[in-house]
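Structure, as structure tokens:
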Amino acid sequence: MTSLKLGIAGLGHVGCGLVDLVQKQESLRLPGKVEIAGVTARNRNRNRPVSTDQYEWFDDATRLAEDDSINVFVELIGGSDGPAKVAVETALKSGKAVITANKALIAMHGQELAELARENGVDLLFEASVAGGVPVVRVLRDSLAGVEVKRVTGILNGTCNFLASEMLASRRPYDVVLAEAQRLGYAEADPTLDVSGMDAAHKAAILAAIAFSADLDFSKVAVRGVDGVELLDLDLADRLGLRIKLIAEGKITKDDEVVCRVEPLAMPTGHPLARVNGSLNMVRVEGEPLGAVTLTGPGAGPGPTASAVMGDVAKLFNPIARPAFGRAEHHGIRKFVFADTDERSAFFLRVRLADRAGALAELTEALAESGVSVDKLLQDSADENGAAPVAIVTHTCSRREMNDASERVRELESSVGQPQIMAIEDSTD
Ligand code: HSE
């Protein structure tokens, strides 16, 4: 193909970023010419940082998806269902290649859409759906096809990473830093998706499905976000030599099943993941006979994400209609499962204790009753409400023992508010 005709649905941050790149394509390295044949968005008259008046306007994304004037449908609407899904299905059925940045759509319906793409002999590309500008989907799917992947870990949400590093660095509270992430265009339209861990979970599930040739089952992805993490937690962890990060992980179990989860973890400040700050994302792929590969870069923001969309556009000059998740017919299909609770690690625990004699003893006793032993302990003076923050690093124990301990801690009369508990990522990683 020497010329591609895009239909762009969605003119938000990323859509405008893409229009901008198309308009300055002479400075890029595309193998042919890219035109915009039509555009659509919720609101035609909104003020936008790029001019779109010269492009044919469609009131409806589905109409654009099936229009003969386009050969590539670019979906930047968002949302796992509704107009985005209908339009993508329509485009695939009409024989158009589809490029999307929509991780929710791919995480929830990617497999059926991949099948639709295969039936219609067209490409479904979603590089921009994971880690923004970091080229990880195609690297994992194509470049690392010769690697038996054992584990994929990463920082997959720029907003959460920005929150965790900026709150600590600037000593500003959660709400203020979140508002800044929104202003910088990192956060989703609904930032709950970011802070609840859901956005990172969508991305982790996509990577795990590709890495392990697995049946993507989002209902089996365990998700915890940073919405309960306070400046106090970040500060106490810092004083114990730990950084708190929202970490995504996919790995193979001993029964050859796939565990995929997102949760805040604490890790030593020298850990490679601990050094990834701001809105940066990082993905580490471990496997045989490769060892490990790490990719880091801007995981959010209009420019980086639009550049990933443009990378997919460039790919379409030489389409090969490869299965969207890279899984060939002859591959065995692995299942997603929840992790078992035998997994062992050290844990970071933060509680607020009523400032009275014996409260600390009750806490350590509750831990001891569950078989959890204390490695380090730090206590500050009581705050204005009479509650003293206590942070503990435990010795290695199982998640089962820690869950049991956390139940006991919650029930302590001296415990004020919700305790914070997170596993500590192995420093030898
Ligand atoms: N809201 C996402 C993030 C960017 O903060 O990483 C788009 O995936």
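Would you please calculate the Kirkwood hydrodynamic radius of the chain over all C-alpha pairs and express it in Å, rounded to one decimal? Walk me through the numbers before you get to the answer.
Values: mean 1/r = 0.0439 Å⁻¹.
About 22.8 Å, per the Kirkwood formula over Cα pairs.
Under a point-charge model restricted to the Cβ atoms of Lys and Arg (+1) and Asp and Glu (-1), what is the dipole moment magnitude of segment 214-257 relative to its Cα centre, in debye to the nearest 20?
Details: 7 positive and 11 negative charges, 39 e Å.
Rounded to the nearest 20 debye, it is 180 debye.
By how many nm would the segment from D60 to H395 grow when fully extended, if each residue of separation counts as 0.36 nm and the alpha-carbon distance is taken off?
Numbers: separation 335, 0.36 × 335 = 120.60 nm, distance 5.78 nm.
Result: 114.8 nm gained on full extension.
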*Which of M310, M402 comes first, and how do the rest follow, when ranked by fewest Cβ neighbours within 10 Å?*
M310, M402
*Expressed as a rounded percentage, what relative contact order does segment 210-345 have, with Cα pairs under 8 Å and six or more residues apart?*
33 percent
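Could you check how many percent of all C-alpha pairs in segment 1-103 are farther apart than 15 Å?
Values: 3061 of 5253 pairs.
The proportion of pairs with Cα distances above 15 Å equals 58 percent.
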_For the pair E115/R239, report the inter-label distance in nm, with labels modelled 7 Å from Cα in the Cβ direction._
5.6 nm
*What does the convex hull of the alpha-carbon atoms of segment 163-304 project to on average, in nm²?*
9.5 nm²
*Kindly express, to the nearest 10 degrees and within the range 0 to 90, the angle between helix 158-170's C-alpha long axis and the longest C-alpha principal axis of the chain.*
40 degrees
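From Cα pairs below 8 angstrom and at least 6 apart in sequence, can you work out the relative contact order of segment 44-173, rounded to a whole percent?
Values: 138 pairs, mean separation 21.4, N = 130.
Normalised by residue count, the contact order of segment 44-173 is 16 percent.
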*Treating the angle as unsigned and between 0 and 90°, give the value, to the nearest 10°, between the Cα long axis of helix 359-369 and the longest Cα principal axis of the chain.*
70 degrees
_Simple spin-label estimate for N45 and T341 in nanometres, 7 Å along Cα-Cβ_ = 5.8 nm
_Where the Cα pairs of segment 127-238 fall when distances are cut into 5 Å bins, in %_ = 2, 11, 20, 20, 17, 13, 9, 6, 1, 0
*In terms of modelled amide H atoms, which long-range or inter-chain residues lie less than 5 Å from the amide H of A346?*
C397, I424
*asked:* Given Cβ point charges of +1 (Lys, Arg) and -1 (Asp, Glu) and nothing else, what value in debye, to the nearest 20, does the dipole of the chain about its Cα centre take?
replied: 1120 debye
*Rank Q379, F348, P419 by how far each Cα sits towards the positive end of the charge dipole of segment 344-423 (+1 on Lys, Arg Cβ; -1 on Asp, Glu Cβ) and give me just the farthest.*
F348
*On a 0 to 90 degree scale, rounded to 10, what angle separates helix 103-119 from the longest Cα axis of the chain?*
40 degrees
*Expressed as a whole number of Å, what is the distance separating the alpha-carbon centroids of segment 263-295 and segment 396-429?*
23 Å
*asked:* Once you compute Rg and the Kirkwood Rh from C-alpha atoms, what is the Rg to Rh ratio for segment 342-429?
replied: 0.97
*Tell me, how many Å apart are the Cα centres for segment 126-157 and for segment 24-69?*
28 Å
_Residue order, fewest to most surrounding Cβ atoms within 10 angstrom, among S170, S415_ = S170, S415
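Order by neighbour count: V88, V276, V258, fewest other Cβ atoms within 10 Å first, most last.
Numbers: V88 29, V276 21, V258 24.
Taking fewest neighbouring Cβ atoms as first place, the list is V276, V258, V88.
Okay, helix-only estimate at 222 nm for the chain: each DSSP H run of n ≥ 4 adds -39500 (n - 2.57), divide by all residues, round to 500 deg cm²/dmol; what do you get? Walk me through the numbers before you get to the answer.
Numbers: 12 runs with 133 residues, N = 429.
Calculated at 222 nm, the ellipticity per residue is -9500 deg cm²/dmol.
Computed from the coordinates by the stated procedures, all read-outs in this text should not be read as laboratory data. Computed from a predicted structure; not experimentally measured. Reconstructed Cβ throughout: ideal geometry from the backbone, glycine too, with neighbour counts over all protein chains shown.
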